[in-house]
Amino acid sequence: MSDLTDRPQIGVSACLARQPVRFDGCFISNPFVNNECSTFFDIHTVCPEVEMGLGIPRQVIQLRDFDGEIRLVYSKDPEKQITHEMREYSERRINCLPPLDGYIFKKDSPSCGTHKVPVKNNKTGMRNRNGIGIFAQAFKDRYPQVPTEDEGRLNDKGIRENFLERVYAHYRWRQMAEAENPLKSFRDFHRNYKLILMAKDNSAYRQLGRMVASVNNKNFTGISEQYFRLFMQAMSKIPSHGHHVNVMMHLLGYLKDKLDKKDKAELLDWFEIYREDRVSRVTPLMLLQHHFNRHQNDYIADQYYFSPFPSKLMLPV
Ligand code: SF4
């Protein structure tokens, strides 16, 4: 049976989706998860602590450093650890999840946090912030190509944009793999991501191009696996304004015989204003889009560069 659905699938820490599963029986209402994500994605919620039987309400747990060994312990009784139980449960639960295109985790949680989770040193009582939740770590180990973020970081415009670009890229990749002619779909996938890859990582763009040029029916499985690893690495990069301006100049090249001097000069002005960070990228892109609407180009029309994901998912300007 096909795993393909008609929209991206994302995992979400259950407490972010209005489920009262926190240690005190509360939840956290995350507007992005409950509004935008619910509109555009199918959401799959998991609360590892409740599902493994810790109950609601429950004692607070934390990560603690015992001479370099990180354990999941009860805050009030740190000698009592549940590290192995949580690891075992996580493995089992993750194996039962449907194919996901992204995961939004609750920040700072010793089970779900993905970035800078507090870890208390058992000897000194000092905290550092270099931990990762046990369930989150197990998910990342099992699905290294699936984009993950914590809800707090998604309030940053650049991080949110990058996460959404990767979620949709992952989803389109799964669509490609399910297509009737995967070899052709693979080539189309690369073609349609060319401009995004040029902006993010020019060297990976060239390397990926060589892989696509060498693919055939016999080596497709091996090459496409290698391709996707490098592709998702490149997608995780956030391009500078200068890199975006290079892509815009490349786009202008497709219009060189179509525009008069005045239109070209206007575009170049906006590219520079964007380079200086005085307008968002949307302004020069909309102007470019306007010219491509008047001078259709099939290659450009297929590029995801102009809209890698629905713009309603972005933070309001
Ligand atoms: S952070 Fe994770 S474990 Fe904690 S309440 Fe939320 S979903 Fe459950």
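Counted as qualifying within the range 236-317 are the helices (runs of 4 or more DSSP H) with 2 or more residues that are aromatic (Phe, Trp, Tyr) and assigned by TED's automatic domain parsing to the domain that holds residue 166, namely 261-275.
Looking only at residues of the range 203-220 that are in a helix (DSSP H, G or I) and of a type in the set (D, E, K, R), we find that the one that is nearest to residue 183 (Cα to Cα) is 210. Remark: pairs (first residue in the range 156-174, surrounded by fewer than 20 Cβ atoms within 10 Å (Cβ to Cβ); second residue assigned to a helix (DSSP H, G or I) and of a type in the set (Lys, Arg); Cβ separation under 7 Å; 6+ apart in sequence or on different chains) = 159/153. Would a scan of the range 211-228 turn up a residue that is loosely packed, with under 14 Cβ neighbours inside 10 Å, among the small types (Gly, Ala, Ser) and closer than 24 Å to residue 146 by Cα? Within the range 211-228, one or more residues are loosely packed, with under 14 Cβ neighbours inside 10 Å, among the small types (Gly, Ala, Ser) and closer than 24 Å to residue 146 by Cα. Residue count for the range 72-94 under the criterion of being among the charged types (D, E, K, R) and either within 28 Å of the chain's Cα centre (by Cα) or within 15 Å of the ligand (Cβ to nearest atom) (or both): the result is 6. Residue 311 falls short of the stated requirement of being in contact with a Phe, Trp or Tyr (Cβ under 8 Å, 6 or more places away or on another chain) and either surrounded by 12 or more Cβ atoms within 10 Å (Cβ to Cβ) or within 28 Å of residue 33 (Cβ to Cβ) (or both). In the set (1) loosely packed, with under 13 Cβ neighbours inside 10 Å; (2) closer than 21 Å to residue 139 by Cβ, the condition left unmet by residue 55 is number (2).
Against the numbered list (1) under 19 Å from residue 72 (Cα atoms); (2) in contact (Cβ under 8 Å) with a residue 40 or more places away in the chain; (3) surrounded by fewer than 16 Cβ atoms within 10 Å (Cβ to Cβ); (4) charged (D, E, K, R), residue 142 comes up short only at (1).
Scanning the range 73-80 finds no residues that are closer than 27 Å to residue 167 by Cβ and surrounded by fewer than 16 Cβ atoms within 10 Å (Cβ to Cβ). Among the residues of the range 103-150, those identified as among the β-branched types (Val, Ile, Thr), assigned to a loop (DSSP other than H, G, I, E, B) and either within 11 Å of the ligand (Cβ to nearest atom) or within 30 Å of residue 172 (Cβ to Cβ) (or both) are 114, 132, 146.
Collect the residues in the range 238-296 that are surrounded by fewer than 11 Cβ atoms within 10 Å (Cβ to Cβ) and under 25 Å from the mean Cα position of the chain (by Cα), keeping them in residue-number order. Result: 242, 277. Let me confirm something: among 16, 97, 63, which residue is more than 11 Å from the ligand (Cβ to nearest atom) and within 20 Å of the chain's Cα centre (by Cα)? That would be 97, the only listed residue that is more than 11 Å from the ligand (Cβ to nearest atom) and within 20 Å of the chain's Cα centre (by Cα). Entry remark, the range 29-60: residues being within 13 Å of the ligand (Cβ to nearest atom), closer than 27 Å to residue 130 by Cβ and not β-branched (Val, Ile, Thr) number 9 in total.
Do we have residue 192 as more than 16 Å from the ligand (Cβ to nearest atom) and outside the structural domain of residue 315 (by TED's automatic domain parsing) here? Taking the combined requirement at face value, the residue does not satisfy it.
The values are calculated or read from the model by the stated rules, or taken from the named source; none is laboratory data. This is a predicted model, so every value here is computed, not measured. FYI the Cβ positions are ideal-geometry reconstructions off the backbone, even for glycines, and counts take in every protein chain you see.
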